[in-house]
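One structure is given below, encoded as structure tokens.
Every number in this text was worked out from the coordinates using simple rules, so none of it is lab data. Computed from a predicted structure; not experimentally measured. Virtual Cβ from ideal backbone geometry, glycine too; neighbours counted across all protein chains shown.
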Amino acid sequence: MSKYLIIIVMLFSYTFGQSGYEIAKSADERETPKDMTTDLSMILTNKKGRTRTSTLHSVSKDNAEKQIIWFLAPADDKGVAFLKIEHAGADDEMRLWLPAFNKVRRISSNQKSDSFMGSDMSYEDMTSRTLDEYSYELLGEELLDDVLCFKLEITPKPEAESNYSKFITWISKDEYLTLQEEYYDKSGRLEKVRTIKYAEQKGYIVPTEIFVKNVQTKHSTLLTFDELKLDTGIEDNLFQEKNLKRLPR
Amino acid sequence: MSSKLKNWSIRQSLDHPVRTILLSIIFTAIFAFGIKWLVIEDDMMKILPQDMETVQTWNTIKDEFGSTDIMFIAFGKPGESVYNENIFRTLWDVSNAIELLPNVYEVMSITTVNRIDGDDGFMEVSNLQPNRELSAEEIASIRKYIEENENIASRFVSENGDFFNIVVKPIPNAKTDVFSEQVLGITEELLSDYTVHYGGQIYLMGTMPAILTGDVARLMRVGVIVMAIILLLSLRSVPAVLMNFTVIILSLLTMAGSMGWLFKLTGSDKFLFSLMNTSMPMVLLTIANSDGVHVITKFFKKVRITKDAREAAKITMESLLLPIFLTSITTISAFLTMIFSPLQQLVGYGISIAIGIAWAWILSSLMLPAMLSLRKWKMDSKAIKKAGVFERFIDAVGSRIMRYHKIVLASALIVVGIVAFGIKKLNIEVNIMTFFQKGSEIRNSLEFLDEEMSGTMDMQFRIEGDIKDPETLKQMEIIQEFLESHEKVAASISIADIIKMMHKAVENNDPNYEFIPETRGKVNNLFTLYSMSGDPEDFESLVDYDYETGLVTTLMSTISTTEIAHFVNETEDFIDKNIDEDLSISTTGILVVFRDLTDKIVESSFISIFSSIIVICIIASIFFKRIRWGLIAITPLISSVLLTFGLMGWTGIDFSHITAILSSVIIGVGVDFAIHYISQFKRISNRSNDHTNLTNEVIDDVGYPIILNSGSNMAFGALLASTFIPIQQIGGLMVFAMLSTSLGTLTLMASIVEIFKNKLVEKNKEN
């Protein structure tokens, strides 16, 4: 009896609705700009409410597979620059320009759980997921801030080498935008909640604000995107070590 | 006490004995109902006075950097290197299991610490132990890194390389006992194949109170049984001993219940039953026993003559109601002086024990005579017909004291003088190591951690300034160098150490660069570089979020409060002379807090002793209507205090917060003896004009209960069998205190009274 029930549910789902995988695929295949230039404001807040604010200038290409970030403020950090180039099937390339030492230092990328710039985002959080390395289960539909969303449970397969046990993701039904995501640690405890706000520009829907709260450490990160410029024709040769030293005006 | 009240008491007790007994039980039950709310607090942190400067600094540090308390778990197999996959696997499991405990804030071990590597333009912050399962190459790499980094080696691997150390920090305000219990739950399960040593203040404070109270409770039970046997041998009457214990038990229930009621009604932590309150049952027991023994021995003496229980009880009450009232009021007043103690726990101690004493007085004055009068005593029993051994002994002593009173006085004064000289040698200090017997498990662990690891104690220096400024970091380094030059300091850690490690790493691991960079820009670049691969919380215990306050933590071997006081003074002196005035530096940590706490306890003990003696002198002067009597009443107290503390000086017993409780016992019991003696002296001298045998008669009358009292209280010599050295010392000193208070009354005070007999009698008559 139960076998038949499962088959009926699957057929129903196949005929009338999308599977978790299909929803994730639709979100992943959403059209994004070829390049993006923005001024970022990053506010880190610790559990006691103390804050650190940084201003950064970021240029990225190919869905942030190539990215260069210059630190503009605070004064102590001005001039520090970061370059990241993702390589499919190989470790990412990451370099940091340290103006006081007059040196570029390569940074390890094999620790995916490491925090990025003291924020609550790890390198894994910032890297786009390879669709087939995860399994997807549609938990249902839910209203999130008046937006009807698919609620998906995403579980990493071993090949994903993820530092999380699962994710619960809210993807808007209309635009397939990831609006909120919960990250569960290896022991199954909720670790972080990420919420993303979007705006439309040049026909693209792009993030304007990302807020990540680590519920375990009570530390949070607010990333705001200002002065967004899309598809300006950024050349590949910008993403070179020598350009780290050239602080944009 | 007015004769109206005395007569009323006698009527209530002897005309309505059943009603009196029932009412006593009902009221005790009402008091005892409060036990429901009695909270036994094993958390030592609760007893710290929050207004103490070092406690405030400590709280600030906890707020800024998280808990500074540390528990150490060293495990391994003696003689077997830790560099093998099995022990790494265990270390991984234990570290991760402890990290998941709700009261654990942080676990530091080879499994959880980071390594900072730099080579060929590359810098990486990664886990020192990358996985649970390690290859031989990975183990070799970890070993190489540890051996190259003394700071990590000294904290996490034993000198012989056969033990790993896990450092566990609790969440702020975690209950020490719950925290320790949870951690031990994990280690006992996962480390059963290894030799394990535990240490750290939080561990000791978390486990010691429970073990200590358990040990004291066990020995107290033995003491009570011995006390019962002594009483039984002397009184030779089971019902009499049971009656005495009824008074004691009801008084104890009332004291415990009143503490619960007061906690319920006030909600104040003053009325929590903590480690400092463990002496309360013993102190009340001795005092309640004293009242009961006086009543019963007097009753037996009188029933032997009158052959009538009611009549004997009446005479006993007429004779003892006033002295028992006086002894109770003086002891209550003495304990109530604790209200002025700087330690809030002692305020609750004083109030609750005062209630217990007051109830013991009421029960001895009303319920005990009622019980004695109700019982059908066999007049031909040995207990009634014949005097006991103690009684006969005291009769013999009394006549000799009277005959040789000058020699007795001179001898007593010489003994007191010689022994009291030892006070000069009295050492006021607490050394946790000496709490435990040599060869005991805890002592072995502490010694192991001291010798093989970085010790079990820690101290913090909070430094306010611009932490990114190289000058500030260099000053931190100077302080650390000074601290590490002290023989008890095994290691110190601060953000300056991390900066030096990162500087080395960024310069391709060149050891020549292991120093504080010269510019603020470089320091800042290092922090930024670290943030690209480390966690934001990695420096949480070393520097605050705004880089305005840094923390230097020293890891030390076991140190006494005297040593810590010297160390702190030397360090503060060094800081004054060598460190920039712009930097604000404060010292704290559980050790420093403990030093101040001990000072406070000792200070409050001395205040309590002196104020009690003055209060007792005033009350005795008022009731006996002469200052002279007040002064005489405190003679045995003063001699006993001098003798006990002198003996402690001579024998090298430290005056600590634990041994300080003896002063309460001495005052509580000593004053009873003196007042009974004086009351009886006045009664007998009023009866006739022939005072030739006055002293002899007084000693005959009160000497026996005093000696029996003292002898039965000596049962607490059972504490000598404790596993804790200070408790053993209390057991021994308790025996000595009983001897000194009873003999002080029956020799020193009796000879003084004999010498000034005529004057005292004249004055007495005038009144």
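If a/c stays under 1.5 just call it rounded; otherwise compare a/b with b/c (prolate if a/b is bigger, oblate if not). Do that for the range B:554-630, with a ≥ b ≥ c from the square roots of the Cα gyration tensor eigenvalues. In terms of gyration-tensor shape, prolate. Counting Cβ atoms of other protein chains within 10 Å of each Cβ in B:518-526 and taking the mean gives 5.
Average projection, convex hull of the Cα set of the range B:71-199: 8.3 square nanometres.
Loop-located chymotrypsin sites (Phe, Trp or Tyr not before Pro) in the range B:364-456 (DSSP state not H, G, I, E or B) with no more than 15 neighbouring Cβ atoms inside 10 Å: B:Y404. If I model a spin label as a point 7 Å beyond the Cα along the Cα-Cβ vector, how far apart are those points for B:E481 and B:Y404 in nm? With each label point 7 Å from Cα toward Cβ, the separation is 7.0 nm. Computed from backbone phi, the HN-Hα couplings of the range B:320-333 come to 10, 4, 5, x, 5, 4, 5, 4, 5, 5, 5, 5, 4, 4 Hz, rounded to whole numbers (Karplus: 6.51 cos²θ - 1.76 cosθ + 1.60, θ = phi - 60°; Gly and Pro given as x).
Residues considered: A:D76, A:D92, A:D62. Largest GNM mean-square fluctuation over chain A, using C-alpha springs under 10 Å, is found at A:D76. Restricting the calculation to alpha carbons of the range B:491-601 gives Rg and Dmax of 17.2, 55 angstrom. Helices in chain A, meaning DSSP H runs of at least 4 residues, each add -39500 (n - 2.57). Divided by all residues, the mean residue ellipticity at 222 nm is -3500 deg cm²/dmol.
How big is Rg to Rh over the range B:247-312, alpha-carbon atoms, Rh as the Kirkwood inverse-mean-distance radius?
Radius of gyration over Kirkwood radius for the range B:247-312 works out to 1.24.
Taking the Cα atoms of the range B:291-334, the ratio Rg/Rh between the radius of gyration and the Kirkwood radius comes to 1.09. The charge dipole of the range B:71-199, taken about its Cα centre with unit charges on the Cβ atoms of Lys, Arg (+1), Asp and Glu (-1) only, comes to about 360 debye. Residues whose amide H comes within less than 5 Å of that of B:I428, counting only those at least five positions distant or on another chain, are B:F655 (H built at 1.01 Å from N in the peptide plane). Remark on the range B:353-461: hydrodynamic radius 21.6 angstrom, per the Kirkwood mean of 1/r across alpha carbon pairs.
Under the combined filter of DSSP loop state and at most 15 neighbouring Cβ atoms within 10 Å, the range A:119-162 retains these GluC sites (Glu not before Pro): A:E161. Remark on B:S274: its backbone amide H falls under 5 Å from those of B:E41, a criterion applied only to residues 5 or more positions apart or on other chains, H modelled at 1.01 Å from N. For the range A:19-244, the residue among A:F150, A:S128, A:Y176 whose Cα projects farthest onto the positive side of the dipole built from Cβ charges is A:S128. Normalised by the number of residues in the range B:71-199, the mean separation of alpha-carbon contacts (under 8 Å, six or more apart) gives a relative contact order of 45 percent. Each Cα pair under 8 Å and six or more residues apart adds its separation to the average, and for the range A:122-249 the resulting relative contact order is 12 percent. Farthest toward the positive end of the dipole of the protein assembly as shown, out of B:P130, B:L446, B:T207, is the Cα of B:T207, where the dipole comes from beta carbon charges about the Cα centre. Please find the FRET efficiency linking B:E188 to B:S81, where r is the Cβ-Cβ separation and R0 is fixed at 30 Å, and quote it to the nearest 0.05. It comes to 0.80. Average projection, convex hull of the Cα set of chain B: 36.3 square nanometres. The C-alpha atoms of the range B:1-126 occupy a region whose extents along the principal axes are 101, 38, 27 Å, arranged from largest to smallest. By the compact-protein rule of thumb, 2.2 N^0.38 Å, the alpha-carbon radius of gyration of the protein assembly as shown corresponds to a ratio of 1.25. The overall shape of the range B:409-471, judged from the alpha-carbon gyration tensor, is oblate: a/c is not under 1.5, and a/b is no greater than b/c. A simple rule links phi to the HN-Hα coupling: the Karplus curve 6.51 cos²θ - 1.76 cosθ + 1.60 with θ = phi - 60°, which for the range B:739-744 gives 4, 5, 6, 6, 5, x Hz, with x for Gly and Pro. Among the GluC sites (Glu not before Pro) in the range B:110-157, those located in a DSSP loop and surrounded by at most 15 other Cβ atoms within 10 Å of their own Cβ are B:E133. Under a Gaussian network description of chain A, with springs only between Cα atoms under 10 Å, the residue in A:V212, A:V147, A:V80 that fluctuates furthest is A:V147.
Between the listed residues B:V183, B:G161, B:Y194, the Cα displaced farthest toward the positive end of the dipole of the range B:158-197, a dipole computed from Cβ unit charges relative to the Cα centre, is found at B:V183. Estimated from helices alone, the mean residue ellipticity of chain B at 222 nm is -20500 deg cm²/dmol (sum of -39500 (n - 2.57) over DSSP H runs with n ≥ 4, per residue). Backbone geometry of the range B:173-190 corresponds, through the Karplus equation with coefficients 6.51, -1.76 and 1.60 at θ = phi - 60°, to 3J(HN,Hα) couplings of 6, 5, 6, 4, 5, 5, 4, 4, 4, 5, 5, 5, x, 6, 5, 5, 7, 8 Hz, x marking Gly and Pro. Dipole magnitude for the protein assembly as shown: computed about the Cα centre from +1 point charges on Lys and Arg Cβ and -1 point charges on Asp and Glu Cβ, it is near 9400 debye.
Put in line by how crowded their Cβ is, counting other Cβ atoms within 10 Å and starting with the fewest, B:W361, B:W8 read B:W8, B:W361.
Each Lys and Arg Cβ is given +1 and each Asp and Glu Cβ -1; about its Cα centre, the range A:19-244 then shows a dipole of about 1160 debye.
Let a ≥ b ≥ c be the square roots of the eigenvalues of the Cα gyration tensor of chain A; is it rounded (a/c under 1.5), or, if not, prolate (a/b larger than b/c) or oblate? In terms of gyration-tensor shape, prolate.
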